[in-house]
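This report refers to the structure that appears directly beneath it.
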Amino acid sequence: TADQAHKGYPLFGQLPEPGWLMAGQVKAPGTRRWYAVVSVLVLTSVFLQSLKPSDPYLPHYFQQVRNIDPDDASHYIWPYYTYGYAISLLPLAFFAEYILDYYHVVLAGLIARVISQTLLLYGSRLVDLQICQVLFGMSSSTKIVTGALIYSLTPSHIFRQIV
């Protein structure tokens, strides 16, 4: 049952909400349609997270438009993506599991992606570009949470078809 699935969690011993589904549970007679709708929404989110039209052109953009030397970009801009990804991965997974919900963390990742693109286009200082890379790293780390969301919502035979 659903109560047995959550027994190992030290912070919360009960389900977050009565309508929450664990993997393999059946919701209603129209379950297949419900899984199809959820699958389309989650896969659309994955597509939007993976859409990176500016990435191949960033080195050229930094060098030609922003007049940033490639060495300066390597030392002062690119590492912030890694820092943002590494620092936000565990807290976002913790928030998704125990404090917030998977949906809120995925939505926060999509919002961070939009803000990072806005900073990339309209930011004028080096700090703006560094914040852009941190937000982009944070939005990239929410892909792990999205995979966990897909796994928790769908039964195993449908999960294999989706992934």
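Overview of values
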| item | result |
| --- | --- |
| Karplus-derived HN-Hα couplings along the range 123-136 (A = 6.51, B = -1.76, C = 1.60, θ = phi - 60°), whole Hz, x at Gly and Pro | x, 10, 10, 5, 4, 4, 5, 5, 5, 4, 5, 5, 5, 5 |
| Order by protection proxy (mean Cβ within 10 Å, highest first), peptides 110-116, 136-142, 75-81 | 136-142, 110-116, 75-81 |
| Under 12 Å, Cβ to Cβ, from L58 - net charge with Lys/Arg +1 and Asp/Glu -1 | +1 |
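Each value in this text was obtained by applying a stated rule to the coordinates, not by laboratory testing. This structure is a prediction, so every number in the text was calculated from the model and none was measured. For neighbour counting, all protein chains shown are included, and Cβ atoms are generated from backbone atoms with ideal geometry for every residue, glycine included.
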